[in-house]
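A.B. asks: Take this structure, written in structure tokens, and hold onto it; I'll ask about it next.
The values are calculated or read from the model by the stated rules, or taken from the named source; none is laboratory data. What you are looking at is a predicted structure, and each value in this text was computed from that prediction instead of being measured. Cβ: placed from backbone, ideal geometry, glycine included. Neighbour counts: every protein chain shown.
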Amino acid sequence: MHIPEPALIAMVGAASSGKSTVAAAFPTGWRLELDTLRAMAADSPGDQSATPAAVSVFRTLLDARLERHLPVLVDSTNTDQAVRAHLLQRARTFGVPSIAILVPADLTTCLTRQINRSPDTRVPDHVVAAQHSAVPTGEQLLAEGWDAVHEAARVDLLDMALAQAAAADPDPLDDVRATFGEDLSRLFAFDGSDYERGRFTVAGRDLELRYVRAEPYDDPWQVRIGSTCDCGGSLWVPATSPADLLAAYRDEPADEAVCDRCDDLLFAG
């Protein structure tokens, strides 16, 4: 499947048909999703009272990206013909190709998947059934005016996702993000180009972190605590989670500290 850039790409399928899994094959920056916008407005993706606000933001972002000829992926059911008509109208207004990706799934599968959803994202069975019966065929979508229609299972989206990942430049923050979370990674910067030392910094306060490639330490990340060794050297403790960072920041580490002067297994500080 060739995806032109720019393009407006719309998932089409009932709730729990697998749309978000398909959408994950595309770059995150392309994706617009009402659940995400509802969560931003109300701290709950399923809070329907936030839908008007979410739709307003959705339409603003949709037009903003299309106006700049940037690709957009609409990750929602899009089983309502009026919703699809609005998307087509915006694509035509900005001269951007429109592509529909059908994500078919039998009703039993959709309903079964709902059981494992959290209460605030679960869709009532009768709503899922109505969406399922309203999913158009590929021929119907083409008749509506979509420039191209693809069925997700018939295209190699995994190949596309792997190719995009392989072409992307490595992100030195990936390991920080994986260990300490997305939010804290935004506060972190490496001190130099060797990516072995860095700091979490907020409003003039910081916490130093380093990556140690030395035996016998199983946990390569170490965080510097406020206390110092009797020799005057810096003290470091293992850091495998945000809780370890917090304990170190408060100078209350759970693990025994090592000194970068006294312990010759470590690099000199």
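A.B. asks: Applying the selection to region 1-24, what residues are surrounded by fewer than 19 Cβ atoms within 10 Å (Cβ to Cβ), under 13 Å from the mean Cα position of the chain (by Cα) and not polar (S, T, N, Q)?
C.D. replies: The answer is 24, and nothing else.
A.B. asks: Another question about this same structure. Return yes when residue 39 is outside any loop (DSSP other than H, G, I, E, B), surrounded by 14 or more Cβ atoms within 10 Å (Cβ to Cβ), without any contact (Cβ under 8 Å) to a residue 24 or more places away in the chain and within 17 Å of the chain's Cα centre (by Cα) and no when it is not.
C.D. replies: Numbers: outside any loop (DSSP other than H, G, I, E, B): yes; surrounded by 14 or more Cβ atoms within 10 Å (Cβ to Cβ): yes; without any contact (Cβ under 8 Å) to a residue 24 or more places away in the chain: yes; within 17 Å of the chain's Cα centre (by Cα): yes.
For residue 39, the condition - outside any loop (DSSP other than H, G, I, E, B), surrounded by 14 or more Cβ atoms within 10 Å (Cβ to Cβ), without any contact (Cβ under 8 Å) to a residue 24 or more places away in the chain and within 17 Å of the chain's Cα centre (by Cα) - is met.
A.B. asks: Just for region 159-190: of the residues that are among the small types (Gly, Ala, Ser) and in contact (Cβ under 8 Å) with a residue 60 or more places away in the chain, which one is surrounded by the fewest Cβ atoms within 10 Å (Cβ to Cβ)? Outline the logic, then answer.
C.D. replies: From region 159-190, those among the small types (Gly, Ala, Ser) are 161, 163, 165-168, 178, 181, 185, 189; that's our starting set.
Going one step further and asking which of them are in contact (Cβ under 8 Å) with a residue 60 or more places away in the chain, we end up with 161, 181.
On the way: 161: 14, 181: 12.
Out of the qualifying residues, it is 181.
A.B. asks: Also, I was wondering about something else. Output yes when any residue across region 27-47 is farther than 20 Å from residue 132 by Cβ, among the charged types (D, E, K, R) and in contact with a Gly (Cβ under 8 Å, 6 or more places away or on another chain), and no when none is. So that I can check it myself, show each step before the final result.
C.D. replies: Residues of region 27-47 farther than 20 Å from residue 132 by Cβ: 27-32, 36-45, 47.
From what's left, among the charged types (D, E, K, R): 31, 38, 43, 47.
Applying the additional criterion that residues be in contact with a Gly (Cβ under 8 Å, 6 or more places away or on another chain) yields 38.
Yes, because at least one residue in region 27-47 is farther than 20 Å from residue 132 by Cβ, among the charged types (D, E, K, R) and in contact with a Gly (Cβ under 8 Å, 6 or more places away or on another chain).
A.B. asks: Out of the residues in region 223-257 meeting the condition of being in a strand (DSSP E or B) and without any contact (Cβ under 8 Å) to a residue 24 or more places away in the chain, tell me which one is surrounded by the most Cβ atoms within 10 Å (Cβ to Cβ).
C.D. replies: Ranking the qualifying residues of region 223-257, first place goes to 238.
A.B. asks: When only residues in region 138-158 that are hydrophobic (A, V, I, L, M, F, W, C) and within 27 Å of the chain's Cα centre (by Cα) count, which is surrounded by the fewest Cβ atoms within 10 Å (Cβ to Cβ)? Can you show your working first?
C.D. replies: Taking region 138-158 as the starting set, the residues that turn out to be hydrophobic (A, V, I, L, M, F, W, C) are 141-143, 146, 148-149, 152-153, 155, 157-158.
Now restrict to residues that are within 27 Å of the chain's Cα centre (by Cα): 148-149, 152-153, 155, 157-158.
On the way: 148: 18, 149: 20, 152: 22, 153: 12, 155: 16, 157: 18, 158: 9.
The selected residue is 158.
Let's see how each residue does on (1) part of a helix (DSSP H, G or I); (2) more than 26 Å from the chain's Cα centre (by Cα); (3) outside the structural domain of residue 37 (by TED's automatic domain parsing):
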{"site": "84", "(1), (2), (3)": "yes, no, no"}
{"site": "90", "(1), (2), (3)": "yes, no, no"}
{"site": "126", "(1), (2), (3)": "yes, yes, no"}
{"site": "136", "(1), (2), (3)": "no, yes, no"}
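A.B. asks: Something else now. Does residue 136 satisfy the condition of being in contact (Cβ under 8 Å) with a residue 24 or more places away in the chain and at negative phi? Let's see the steps before the verdict.
C.D. replies: Numbers: in contact (Cβ under 8 Å) with a residue 24 or more places away in the chain: yes; at negative phi: yes.
Against the criterion (in contact (Cβ under 8 Å) with a residue 24 or more places away in the chain and at negative phi), residue 136 qualifies.
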